[in-house]
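Here is the structure we will look at.
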Amino acid sequence: MSVNENGEFRPLIVAFCCNWCSYAGADLAGSSRLSYPADVKIIRVPCSGRVNPMFILRAFERGADGVIICGCHPGDCHYSTGNYYARRRMTLLFSMLDYIGVENGRTRVEWCSAAEGAKFSKTMNEFCEKIASLGKNVRLGDLRCKD
Amino acid sequence: MQGLIDRLTALLNDGTVARVLGWKKGDMPYNPEPAIFNSAEELKDFVYDGFCGANLSKMMIEATKLEGKTAVCLKPCDTYSFNQLIREHRVNRDNAYIIGVGCRGKLDIEKIKKDAKGITEISGTELDGQEKVTIKTIYGDKEINYTDALLGRCHVCKGKEHMIADETWGESKDTADQERFEEVQKLEAMTAEERFEFFKNELSKCIRCNACRNVCPACSCRKCVFDNTKFDAQQKANVDSFEEKMFHIIRAFHVAGRCTDCGECSRVCPEGIPLHLFNRKFIKDIDKYYGEFQAGKDPEAQSPLTDFTFEDIEPGERG
């Protein structure tokens, strides 16, 4: 989370993007001159199946206001099945976060191929707006160590 | 109980097994502890009563590495854990001789202690005991219904069938009188704020003693992620409320799809945190989204988290 010079809230968003589809999709968004907010910090992972639930919790612990995971469309995974496993894991994890009372909107999974630069930019814009409307991540970071 | 001891003695004497894994008398009448008996003489301390709630299947991981067979006493619910350990190749089935002991529900000493202080003796907790448990205290005698003092997990008993056993001893009773997911549903019906308060309140009691991890039959990794000193959730007191949540979410996640809902985590928690609520939530979700699944029922079954279908629901959707 940060506050800009106008005192406006800027969320900190961590995006885990798979190397083969979404990361390339982000590249395409850039080369197509499509904009998405600088609040999104992309972390490249080999596959959405690489995303350990711990990564998401740790991102929140270290101050993220929202976490989004982008991978290849089901069926298009570079490693054939990685995103299917990720889909099951994230379904359960998001349900658990909701269960302990953390807003469901702070986490999201989006499938985005290397040809979908426009979708990538649209998704990130939407997600940023959503997190900005939810405000500062109080629940997950209420007592976290401040820097 | 004598019948069981006689049978175990016979097994040791005729060389079928080299040792017995069971429970021995504790220093109080209500805290028997898991123990290994190497000879018929040692069996004089053997005990099996209503306080033998400990699930011995996890100890079989080490016991089956020893020379010769180990006889182990498993209650119906413990056999699910044992099956799950076979599934994960953590125990050597050939080195185990399983005696499926009967069970009529296990007792929660905390419930008894609520209105009986200074306990000196407890009787009537054996398998063939009465409906009433007699408690002798330094302030006089008390009586309590057996069913009123049951552990929380026994109210959602999975049934009296042993999933795996070489022989059985004693009659079992299905003690289920509550809906398994009732508590989870109650929480789900609350608002997000109420749920957050509830878990904050419960989990802030956590002292990170790791008893839940150490007792859990599904937590049997040789190297545990929480023992890593270069890791945020290493074994230490919690700095903030987030860390304790992280520990319990991650622990529940690691056993999701493998947890048999044996309820040991809640039983051993010194702070009385209802830890089974996390595991049961995952079980409920798995049942709902990926079809009913009971870990440990079938040692051949594929765990839902190591499996997938093309039509799985998308994360965040509410099916």
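Every read-out reported here was derived from the displayed coordinates using simple, explicitly stated rules and does not represent laboratory data. Small disclaimer: the values here were computed from a predicted structure and weren't measured. Every residue, glycine among them, receives a Cβ derived from its backbone with ideal geometry; neighbour counts consider all protein chains shown.
The table below lists the values:
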| item | result |
| --- | --- |
| Environment charge at B:I122 (Cβ cut-off 9 Å; Lys +1, Arg +1, Asp -1, Glu -1) | -1 |
| Stretch gain in nm, segment B:N210-B:E317, where the contour uses 0.36 nm per residue and the Cα spacing is subtracted | 35.2 nm |
| Residue exposure sequence - A:S113, B:S39 - by fewest surrounding Cβ within 10 Å | B:S39, A:S113 |
| Projected label distance in nm at A:S133 and B:D94, using a 7 Å step from Cα toward the beta-carbon | 6.3 |
| Cβ-based net charge around B:L305, under 9 Å, with every Lys or Arg adding one and every Asp or Glu removing one | +2 |
| Footprinting exposure proxy for B:S81, A:S95, A:S35 (fewest neighbouring C-beta atoms within 10 Å first) | A:S35, A:S95, B:S81 |
| Amide proton proximity set for B:I122, modelled H, under 5 Å, gap of 5+ | B:K136 |
| Unit charges at the beta carbon, dipole of the range A:2-134: most positive-side option, A:S31, A:V67, A:Y79 | A:Y79 |
| Alpha carbon centroid spacing (whole Å) that separates the range B:66-85 from the range B:146-202 | 22 |
| Residue-averaged [θ]222 nm for the protein assembly as shown, counting only DSSP H segments that reach four residues, each worth -39500 (n - 2.57) | -9500 deg cm²/dmol |
| Cross-link reach list, lysines versus B:K113, counting only Cα pairs under 23 Å and skipping chain neighbours closer than eight places | B:K24, B:K25, B:K132, B:K136, B:K142, B:K205 |
| B:K136 versus B:D287: modelled label distance in nm, points set 7 Å from Cα along the beta carbon direction | 4.4 |
| Average Cα contact separation per residue, chain A, under 8 Å, 6 or more apart, as relative contact order % | 34 |
| Loop GluC sites (Glu not before Pro), the range B:131-211 (other Cβ atoms within 10 Å of the site Cβ: 16 or fewer; DSSP) | B:E131, B:E161, B:E171, B:E179 |
| Rounded if a/c under 1.5, otherwise prolate or oblate - the range A:1-92, Cα gyration tensor axes | oblate |
| Fraction of antiparallel bridges per DSSP, chain B only, in percent to nearest 5 | 60 |
| Shape of the range B:147-239, Cα gyration tensor, a/c cut at 1.5 | oblate |
| Gain upon complete extension [B:E271, B:M190; 0.36 nm per residue less C-alpha separation] | 26.8 nm |
| Sparse-neighbourhood loop sites, trypsin sites (Lys or Arg not before Pro) in the range B:18-104 - DSSP loop, at most 13 other Cβ within 10 angstrom | B:K65 |
